[in-house]
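> Sharing a structure below in structure tokens format, with a few things to ask.
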Amino acid sequence: MLANTDLYSEVSPILKKKNMRIEKVSLRDVKTGDQIAVKGNIANLHPSLVAVTAIVGETYLHHGIYDKETSTVIEFHGDNKANAVPKKRDFTEFFAGHTELYRVVYEEGEECFPVEETMKRAENAVKTQRSWAPYHLITNNCESFATYIKTGKQVSKQVLAALINLLENMVFAATVVVGSFVAAAGSFQSGSK
């Protein structure tokens with residue numbers, strides 16, 4: 001469950017050191033410059049990303065930067081991933097079809113830009129949207145965009161968590177295969193004596 005938890009630290013101790021957590025909030029609690037998120041559905045992603053379902057589950061979080069004065073969200077968005085660019089949309093469009101809103105909370109030690117600088121960076125991203133690199137699941141997605149606007153670091157903890165989970169599963173599978181091979185080789189050797 002995402003509410004009031006450090007969503008990503010449960011996946012790996014490496015991510016626990018990243019000083020960021022997700023908390024369930026109501027719109028009245030969100031301030032200008034906050035990094036917010038809603039649950040996305042992997043079924044809405046490109047068919048080539050179906051394999052991601054096994055790694056991250058049925059949902060992911062879609063991120064943006066909130067502007068309370070205009071009730072808008074600046075996000076990396078498009079009709080499809082191929083045409084995603086930094087855009088400003090009305091909060092009601094961002095939240096449409098969702099029932100829960102989340103805020104990314106940066107803990108002590110994580111440097112974030114002041115609100116004015118965050119909003120200046122977000123507005124500038126919209127003005128220069130065509131200069132942004134195209135969407136890439138690992139290196140340039142909605143979370144890495146919002147995190148970059150807020151902190152200057154272009155990173156997606158969801159992607160890191162999924163990659164670490166994938167690597168851990170691969171190591172486990174390799175261990176099972178090697179262990180089975182060693183056991184089979186031992187049985188073969190003892191049977192040939």
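The values are calculated or read from the model by the stated rules, or taken from the named source; none is laboratory data. Because the structure is a prediction, the values reported are computed rather than measured. Because the Cβ atoms are built from the backbone with ideal geometry, glycine has one as well, and the counts that use them run over all protein chains shown.
> I'd like to verify a number: residues in segment 127-157 that are under 18 Å from Lys88 (Cβ atoms), part of a loop (DSSP other than H, G, I, E, B) and among the β-branched types (Val, Ile, Thr), how many?
1
> Mind checking whether some residue in segment 151-170 is at pLDDT 90 or above and either of a type in the set (Asp, Glu) or surrounded by 15 or more Cβ atoms within 10 Å (Cβ to Cβ) (or both)? Walk me through it before giving the result.
Applying the first criterion (at pLDDT 90 or above) to segment 151-170 yields 151-153.
Of the ones still in play, those that are also either of a type in the set (Asp, Glu) or surrounded by 15 or more Cβ atoms within 10 Å (Cβ to Cβ) (or both) are 151.
Yes - at least one qualifying residue is present in segment 151-170.
> While we're here: Can you find a residue in segment 52-66 that is out of contact with any strand residue (DSSP E or B) (no Cβ under 8 Å at 6 or more places or on another chain), of a type in the set (S, T, N, Q) and either part of a loop (DSSP other than H, G, I, E, B) or modelled with pLDDT under 90 (or both)?
Checked against the condition, which is being out of contact with any strand residue (DSSP E or B) (no Cβ under 8 Å at 6 or more places or on another chain), of a type in the set (S, T, N, Q) and either part of a loop (DSSP other than H, G, I, E, B) or modelled with pLDDT under 90 (or both), segment 52-66 yields at least one hit.
> Starting from residues that are surrounded by 11 or more Cβ atoms within 10 Å (Cβ to Cβ) and of a type outside the set (A, V, I, L, M), keep the ones in segment 113-126 and report whichever is nearest to Lys31 (Cα to Cα). It would help to see each step written out before you state the result.
First, the residues of segment 113-126 that are surrounded by 11 or more Cβ atoms within 10 Å (Cβ to Cβ): 113, 115, 117-126.
In the following step, the residues that additionally are of a type outside the set (A, V, I, L, M) were identified as 113, 117-118, 120-121, 123-124.
Numbers: Phe113: 14, Glu117: 14, Thr118: 12, Lys120: 15, Arg121: 16, Glu123: 16, Asn124: 19 Å.
Filtering first and then ranking leaves Thr118.
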